[in-house]
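Structure, as C-alpha cells:
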C-alpha cells in the first residue's frame with residue numbers, strides 16, 4: 001500500500017467546542033457534534049464516507065456533505081473521459097446513494113458565504129437547465145467545518161481563454177469536449193470540400209500531467225473514431241495534436257527523467273510538442289503565441305495552472321495565498337479559525353524542510369483525508385491535534401495504452417526508482433483502486449476488479465456519441 005489506512009477508533013462520548021478552540025474532555029454536550037464537509041472530490045468524499053461508517057452509523061455525530069454536483073468521478077480520469085477512452089457512466093458514483101449507504105447526509109448546493117461567529121455556512125440556490133429552482137438559498141450550522149472544494153483552472157487572464165478554451169475541471173466539461181471532438185470528425189467527414197488545414201487539430205495548453213496524458217490518449221482515440229467508417233478523413237494528414245508548455249520542458253513539476261521519457265514517447269506518436277513558448281490569446285480558430293506565431297486548431301483545451309475557487313477569497317476573512325488557496329496550519333486548521341479545516345487542492349499546507357507547500361496531487365488529497373479522520377476523532381475526544389506530514393510516494397504519468405512512466409520513492413535504498421511499462425501501469429491503476437476501496441471497501445473493490453477482468457466488451461473501445 002502506498003498510503004496509510006484511513007481507519008480510526010470509535011468514540012463513546014461526544015465533546016463539543018464552545019470556546020473557538022479544540023474541545024476538551026470537560027465540555028461534554030448531549031447534542032451531537034455537527035461535522036460539515038464542503039466539496040465531494042476525492043478527499044471530501046473519502047472523509048465523509050469513513051466518518052459516516054463510524055460516527056454517523058453509531059449516532060455520535062451528524063456528518064453532512066455539501067456538493068454542487070450530483071455524481072462523483074475521480075479527477076485523474078477526466079482526461080480519459082475527454083478523450084473518449086472511458087465511459088463516465090461506468091465510473092460515476094451517485095452522492096445521494098453513497099450517503100444512504102454510508103450514513104451521512106448529502107446536501108445539493110454551492111458554498112456562497114461563511115459566518116464564522118455563528119458557525120454557519122451559506123449555500124446558493126441551485127437551478128435546473130431551464131432556470132427553475134431546485135433548492136433555495138439556505139444556511140447550515142456546523143461545529144467542525146472542512147473545506148474540500150478543490151481547484152479550478154487558472155487561465156491567467158489570457159484573452160479568449162474563458163470563451164474558446166475548454167477546461168477539464170469537471171466530468172461535464174470533459175464530456176462537452178468529447179462531444180465537440182466527435183462532432184468535428186463527423187462534420188469533416190460529411191462536408192463536400194476537403195478537410196481544411198487546422199480543422200481537426202487539437203491544441204492543449206499546459207503540459208502538466210493532465211495535458212500530457214490527454215495528448216497521448218487523443219492520439220489513439222481520434223484515430224479509433226475515424227476508423228469507424230469516417231473514410232474521408234486521413235488520420236496521418238488531417239489529425240494533429242499540439243501540446244504547448246511555457247516551461248523549458250514538459251511535466252516541469254516532475255523529475256527530469258520522467259519528463260524526458262514522456263517527451264520521447266509523445267514525439268514517437270507524432271504529437272507536436274512545443275516548450276518554452278507562451279500563449280497570448282485564444283481564438284475560435286486557434287491560439288496566438290507570444291512570439292507572434294499562430295497555431296490553427298478546431299479545439300483548444302486549457303490545462304495550464306490551477307487556483308482556488310473565487311469563493312475562498314470572501315469567506316469571512318479567512319487568509320488565502322496568491323493562488324487563492326486557504327492558508328492552513330500543519331494540523332490542517334485554517335490559520336484564523338481552529339474550527340475550520342481545509343484539505344485537498346484548496347489548501348496551502350506548509351511542508352517543513354521544503355520551500356513550497358504540499359503539492360496539489362491525488363496522493364496528497366488521499367493522505368489529508370486519512371489524517372482528517374483522526375483529527376476529527378481527536379477533537380471529539382479532547383485530544384491534541386497531530387501535524388499533517390506529507391509523504392511523497394513518487395509520480396506516475398499514464399500515456400494510455402502506449403506506456404506508463406514514473407518514479408517511486410525508494411525509502412529503503414534512499415533514492416527514487418524510475419519505473420515504466422507494465423509495472424508502472426499497475427502502480428498507476430492501484431491509485432484508483434485505493435480510492436475505490438476508501439469509498440466501497442476492500443472486498444467489494446476486489447470483486448469488482450475480478451469481474452472486470454472476465455467481462456466481455458460489447459461496446460466500442462472509444463465513445464462515439
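Brief remarks follow.
- Scanning segment 288-304 for residues that are out of contact with any helix residue (DSSP H, G or I) (no Cβ under 9 Å at 6 or more places or on another chain) and either within 26 Å of residue 220 (Cβ to Cβ) or assigned by TED's automatic domain parsing to the domain that holds residue 75 (or both) gives 295, 296, 297.
- On inspection, residue 39 fails the criterion of being farther than 30 Å from residue 173 by Cα, modelled with pLDDT of 80 or more and either touching a strand residue (DSSP E or B) at 6+ places or on another chain (Cβ under 7 Å) or surrounded by fewer than 23 Cβ atoms within 10 Å (Cβ to Cβ) (or both).
- Against the numbered list (1) without any contact (Cβ under 8 Å) to a residue 60 or more places away in the chain; (2) touching a strand residue (DSSP E or B) at 6+ places or on another chain (Cβ under 7 Å); (3) in the same structural domain as residue 110 (by TED's automatic domain parsing), residue 354 comes up short only at (2).
- Residue in segment 234-251 that is more than 25 Å from residue 160 (Cβ to Cβ), within 21 Å of the chain's Cα centre (by Cα), outside any helix (DSSP H, G or I) and assigned by TED's automatic domain parsing to the domain that holds residue 181 present: yes
- For segment 187-205, filtering for residues that are surrounded by 16 or more Cβ atoms within 10 Å (Cβ to Cβ), in contact with a strand residue (DSSP E or B) (Cβ under 7 Å, 6 or more places away or on another chain) and not in a helix (DSSP H, G or I) leaves 7.
- From the list 300, 273, the lone residue that is buried (at least 23 other Cβ atoms within 10 Å of the Cβ) and either part of a loop (DSSP other than H, G, I, E, B) or at pLDDT 95 or above (or both) is 300.
- Flag for residue 415 being within 30 Å of residue 221 (Cβ to Cβ) and modelled with pLDDT under 95: no
- Residue check for residue 311: over 27 Å from residue 215 (Cα atoms), surrounded by fewer than 19 Cβ atoms within 10 Å (Cβ to Cβ) and at pLDDT below 95: no
- Being more than 19 Å from the chain's Cα centre (by Cα) and buried (at least 24 other Cβ atoms within 10 Å of the Cβ) holds for only one residue in 50, 97, 82, and it is 50.
- Residue within segment 177-186 that is at pLDDT below 90, surrounded by fewer than 17 Cβ atoms within 10 Å (Cβ to Cβ) and under 28 Å from the mean Cα position of the chain (by Cα) present: no
The values are calculated or read from the model by the stated rules, or taken from the named source; none is laboratory data. Predicted model only: the values in this text are computed from it and were never measured. Reconstructed Cβ throughout: ideal geometry from the backbone, glycine too, with neighbour counts over all protein chains shown.
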